[in-house]
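Reviewing the structure listed below.
The values are calculated or read from the model by the stated rules, or taken from the named source; none is laboratory data. Predicted, not measured: the structure shown is a model, and the values here were computed from it. In this analysis, Cβ positions are derived from the backbone assuming ideal geometry, glycine residues included, and neighbour counts consider all displayed protein chains.
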Amino acid sequence: MEVNTIIIGAGPIGLTCGIEAVKRNISYLIIEKGCIVNSVFNYPVNMTFFSTSDRLEIGGVPFVSHGDKPTRREALEYYRRVVDAWKLRINTYEKVFSIEKKENQFIISTSKSVYKPDNLIISTGFFDYPNLLNVPGEELPKVFHYFKEAHPYAYKKVAVIGAGNSAVDVALETYRRGAEVTMIIREDKKKTIVSQYQSQVGSIVKGRIIRIDNNQIHLDIGKTEAVLPKENQIKNERYQLNASYVVYLKEIVNDRFGNPRIIVSRNDPRLLIELFKREVPEIANGAVEIRKAVREPGERAKIAVFNRQTAVDPVGACVGQKGVRVQTVTDELKRKKKIDIIQWNKDPKLFITAALSPAKILEVEVDLKQKRAQAYVNEEQAPLAIGKNGVNVNLASQLTDFEINIVQKQETAHKTPASNSPEKEKNKQKTEDNNHQQATDH
Ligand SMILES: Cc1cc2nc3c(=O)[nH]c(=O)nc-3n(C[C@H](O)[C@H](O)[C@H](O)COP(=O)(O)OP(=O)(O)OC[C@H]3O[C@@H](n4cnc5c(N)ncnc54)[C@H](O)[C@@H]3O)c2cc1C
């Protein structure tokens, strides 16, 4: 067969080369010793890719998967669709045995034919070449360099060498099928990987839950694992295996054996700040500044924003068109929590008034020395100013650094319902209770 270019291997790279040949009208043929994407076919049966599907896309063919990380099965289906979409010419189950170069031609001998193309692309990957350790015993029949599925290891003692993503998956899968698993890790390698995250402390990362042990959640954050301890979780947030969450990379600490552990948080107020930084370019470029963020995780949050450039509306920038920016932040926090964006003001009275929003405040009195404030409201605004379980006034207090007391102002005659109405008595009691709670909270 006369072809100008031979591509050896129908893995993702070989297919991409085929697509480029189609685009350039080059006569080509892909020769593959197994099936299409043979290496992916030989990957562990239950594996999930570590990359999101959009990162694995080739030839402009969209890769849609059920989870954000595709499974092996989804990948196999995807690459078949790529071959169909581009009508790629592939000879499967034909192995290349030898390649020779004679003047301007290659002579390629395969299990089925001999080809003499002008150009040759070798895209045979590295899957067929295991990382040998060169240690005694490695050649024994019970030592495997490839993993298919966990069942054969049930109730056996298994040693997994290495601590990369695949090794962790193998260890977990065999452990879940009843194997007694020991992971053997070169400690300094683990330390090196963890130390690569040092520069990311104080930023946000995305992690997929790979294990839940008692109250600790373990997430795969890319090159290694991070821990989300109970005290850094959002109360009442349901954490599900394999689900992905954005987390704040809080610190790297040493455990009692001196091993570094990456600690992440879902309830740290700085997660909120970092999420806004990501969504709002005006924050990233310094035109708008978040002065403070306070949260009642899973329920409500308030952020105080300030414009360094007068032309920019800081609240509008954070809210975005039709609320899209604040909505994206809320979505990352999963729960339908409310985020109040407050304009910071150097006048404490104005700042406190804004911080108590959405309640309408009549007047604020401040004691600057004691850092205490009285905020006067109408009767019907009192529950709103205080919030459920005092959450609104507590967050406003934290945001402004003032101990705020909500005081119900005497109603004018035409607004006041009958003074002994049961509704009014009930509201009054509620307000007093809440005020009391707030006072004891501080
Ligand atoms: C468990 C696992 C998980 C992974 N997860 C990810 C991930 O999440 N994200 C990511 O980007 N990468 C991931 N990878 C790596 C990724 O799969 C590879 O980088 C990718 O497959 C490389 O593509 P390739 O075309 O270069 O090689 P391969 O996919 O290995 O393709 C090479 C092809 O060449 C064929 N071939 C070899 N020798 C011959 C011969 N003599 N004659 C004819 N044909 C031959 C092979 O059969 C094979 O089909 C993962 C790998 C593994 C093992």
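Quick notes on this structure:
- Qualifying residues in segment 29-44 (those that are within 7 Å of the ligand (Cβ to nearest atom) and outside any loop (DSSP other than H, G, I, E, B)) - the one surrounded by the fewest Cβ atoms within 10 Å (Cβ to Cβ): SER39
- Residue within segment 2-10 that is part of a loop (DSSP other than H, G, I, E, B) and under 30 Å from GLY222 (Cβ atoms) present: yes
- Screening PRO348 with (1) in contact (Cβ under 8 Å) with a residue 60 or more places away in the chain; (2) touching a strand residue (DSSP E or B) at 6+ places or on another chain (Cβ under 7 Å) gives one miss only, at (1).
- Neighbours by Cβ (under 6 Å, 6+ apart or cross-chain): first from segment 64-75, touching a residue at least 12 places away in the same chain (Cβ under 8 Å); second within 11 Å of the ligand (Cβ to nearest atom) and not in a loop (DSSP other than H, G, I, E, B): SER65/SER53; LYS69/THR48; PRO70/SER53; THR71/THR48; ALA75/VAL40
- Neighbours by Cβ (under 8 Å, 6+ apart or cross-chain): first from segment 166-181, outside the structural domain of GLY222 (by TED's automatic domain parsing); second part of a helix (DSSP H, G or I): THR174/TYR153; ARG177/HIS151; ARG177/TYR153; ALA179/TYR153; VAL181/ALA171; VAL181/THR174; VAL181/TYR175
- Count - residues of segment 139-150 that are surrounded by 12 or more Cβ atoms within 10 Å (Cβ to Cβ) and either touching a residue at least 24 places away in the same chain (Cβ under 8 Å) or among the charged types (D, E, K, R) (or both): 4
- Matching residues, segment 45-67, being near the ligand (Cβ under 9 Å from one of its atoms) and outside any loop (DSSP other than H, G, I, E, B): THR48, ARG55, LEU56
- Output for segment 158-178, where each listed residue is in a helix (DSSP H, G or I) and out of contact with any helix residue (DSSP H, G or I) (no Cβ under 8 Å at 6 or more places or on another chain): ASN165, SER166, ALA167, VAL168, ASP169, VAL170, ALA171, LEU172, GLU173, TYR175, ARG176
- Taking the numbered list (1) modelled with pLDDT under 95; (2) assigned to a loop (DSSP other than H, G, I, E, B); (3) of a type outside the set (A, V, I, L, M, F, W, C) in turn, TYR155 passes all entries but (1).
- Answer residue from segment 83-114, given it is more than 12 Å from the ligand (Cβ to nearest atom) and surrounded by 15 or more Cβ atoms within 10 Å (Cβ to Cβ) and is nearest to SER39 (Cα to Cα) among those: VAL83
- Counting only residues that are basic (Lys, Arg), in contact with a helix residue (DSSP H, G or I) (Cβ under 6 Å, 6 or more places away or on another chain) and either modelled with pLDDT of 90 or more or not assigned by TED's automatic domain parsing to the domain that holds ALA354 (or both), segment 267-307 holds 3 of them.
- For first residues located in segment 7-28 and more than 15 Å from the ligand (Cβ to nearest atom), partners that are at pLDDT below 95 and lie 6+ apart or on another chain with Cβ distances below 7 Å form the pairs ILE26/ASN4; SER27/VAL3; SER27/ASN4.
Results for (1) at pLDDT 95 or above; (2) part of a loop (DSSP other than H, G, I, E, B); (3) small (Gly, Ala, Ser); (4) crowded, with 20+ Cβ neighbours inside 10 Å, shown as yes or no for each residue.
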position: ASP340; (1), (2), (3), (4): no, no, no, yes
position: GLY390; (1), (2), (3), (4): no, no, yes, yes
position: ILE406; (1), (2), (3), (4): no, no, no, yes
position: GLN410; (1), (2), (3), (4): no, yes, no, no
position: LYS424; (1), (2), (3), (4): no, no, no, no
position: GLN429; (1), (2), (3), (4): no, no, no, no
position: THR440; (1), (2), (3), (4): no, no, no, no
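- Residue check, ALA396 in contact with a helix residue (DSSP H, G or I) (Cβ under 7 Å, 6 or more places away or on another chain) and either modelled with pLDDT under 90 or not in a loop (DSSP other than H, G, I, E, B) (or both): yes
- Residue in segment 115-137 that is surrounded by the fewest Cβ atoms within 10 Å (Cβ to Cβ), counting only those that are in a strand (DSSP E or B) and within 16 Å of the ligand (Cβ to nearest atom): ILE122
- Checking VAL181 against (1) at pLDDT 95 or above; (2) in a helix (DSSP H, G or I), the condition it does not meet: (2)
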